[in-house]
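Below is one structure; the comments refer to it alone.
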Amino acid sequence: MSYTNILAEINQGILRITVNRPDKLNALNKETISELNSAFDAAEKDDAVRVIIVTGSGLKAFVAGADIAEFLNLNTEQGMGLSRTGHLLLNRIEACPKPVIAAVNGFALGGGLELAMACHIRIASDNAKVGLPEVTLGLIPGYGGTQRLTALVGKSKALEMIMTADMIDANEAKAIGLVSHVTTQQDLLGKCEEIANKIMLRSPVAVKHAIAAVNSVIDGRNGFEREIEEFGKCFESQDFVEGTKAFLEKRKPVFPGK
Ligand code: COA
């Protein structure tokens, strides 16, 4: 499938989705959101895709936010519609049964940080700057940022970042738990692929249930109950049979992914 605003390339089980509007610092306009939805639809159905990496084109930005040009002249109802469109995309990314890693290669601001926060793991390059600057525009974060940032870094730091609109650098983002690793820009995709390759050795079925259980932290469902449910479902899988058998036979498992 070919897109106008994103690139999608698969290599050895890893689908790399690149937001590709470098002259607008990869800002998310409506068309880009729709293409990201299509790319995730296709990725979820394609058995060849095991892990997804999301990144931005160029050396400057991951995604510098929602496209501010599309905000002009919106009324309350249209503003809510825009927000809902962003929520639908980011909620589906967070709920994706395959691991999604954000390679944050530069500015991740507003909707850009919100996109990165919807991914399951975030790795940043050392030039990255992240923040939720919406209050400088007289807005608040509208693509889930008030909820996901609070879940990731706690209420005090989240409110400080949202109310001051300050950008923080990659090392501070790591210190507060917003990203897991910081690399040079050159090493960024390699680090993401290293993590992806490690996850690909594990049971895809168990990974899927782990994502669903952990997501209860944010989706409002009772997380302990959800963990019980997802744990139980694992016992129906061939991966579970293979994983336990391989352990007892002192060999490495070969997971069928079912
Ligand atoms: N929406 C639309 N266009 C954007 C954008 C956004 N969120 N972020 C950057 N751009 C565009 C700029 O308008 C500019 O376009 P132009 O060349 O046609 O004028 C281009 O991308 C380059 O950005 P520029 O501002 O010239 O780069 P810079 O290096 O001087 O500044 C930033 C970089 C990220 C600090 C600055 O672009 C910025 O503050 N962007 C908006 C961030 C934001 O508020 N995001 C939250 C939105 S909810």
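The values are calculated or read from the model by the stated rules, or taken from the named source; none is laboratory data. Here the structure is a predicted model, which means the values were calculated and not measured. All Cβ positions, glycine included, derive from the backbone under ideal geometry; neighbour counts span all protein chains shown. Note: areas computed on protein heavy atoms with side chains; ligands, DNA, RNA excluded. Shrake-Rupley method; radii C 1.70, N 1.55, O 1.52, S 1.80 Å.
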Study note, to complete from the structure: Filtering region 167-191 down to residues that are among the aliphatic types (A, V, I, L, M), surrounded by fewer than 19 Cβ atoms within 10 Å (Cβ to Cβ) and touching a residue at least 40 places away in the same chain (Cβ under 8 Å) yields Met167
Practice item. Run down Thr150, Thr164 and say which single residue is within 16 Å of the ligand (Cβ to nearest atom), open to solvent by 40 Å² or more (accessible area, probe 1.4 Å) and over 17 Å from Val104 (Cα atoms). Key: Thr164
Point to revise | Of all residues making up region 1-28, the number that are at pLDDT 95 or above and over 14 Å from Phe62 (Cα atoms) | key: 10
Point to revise | Scope region 133-147; condition in a helix (DSSP H, G or I) and either touching a Lys or Arg at 6+ places or on another chain (Cβ under 6 Å) or within 8 Å of the ligand (Cβ to nearest atom) (or both); matching residues | key: Glu134, Thr136, Leu137
Review point. Listed residues Gly138, Gly110, Gly154; which is on the phi > 0 side of the Ramachandran plot and either in contact with an Asp or Glu (Cβ under 9 Å, 6 or more places away or on another chain) or among the acidic types (Asp, Glu) (or both)?
Key: Gly110
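For region 194-223, which residues satisfy the criterion of being open to solvent by 60 Å² or more (accessible area, probe 1.4 Å) and either in contact with a helix residue (DSSP H, G or I) (Cβ under 8 Å, 6 or more places away or on another chain) or not basic (Lys, Arg) (or both)?
Glu194, Asn197, Leu201, Val214, Val217, Asp219, Gly220, Asn222
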Exercise for review: Would you please name the residue that is most open to solvent (accessible area, probe 1.4 Å), looking only at residues in region 120-132 that are in contact with a Pro (Cβ under 9 Å, 6 or more places away or on another chain) and in a loop (DSSP other than H, G, I, E, B)?
Suggested key: His120
Review point. List the pairs whose first member sits in region 24-40 and is free of Cβ contacts under 8 Å to residues at least 24 places away in the same chain, whose second member is near the ligand (Cβ under 8 Å from one of its atoms) and part of a helix (DSSP H, G or I), and whose Cβ atoms are under 8 Å apart, counting only residues at least 6 apart or on separate chains?
Key: none
Check your understanding: Can you name the residue in region 57-83 that is open to solvent by 50 Å² or more (accessible area, probe 1.4 Å) and within 10 Å of the ligand (Cβ to nearest atom) and is also nearest to Ser34 (Cα to Cα) among such residues?
Key -> Glu70
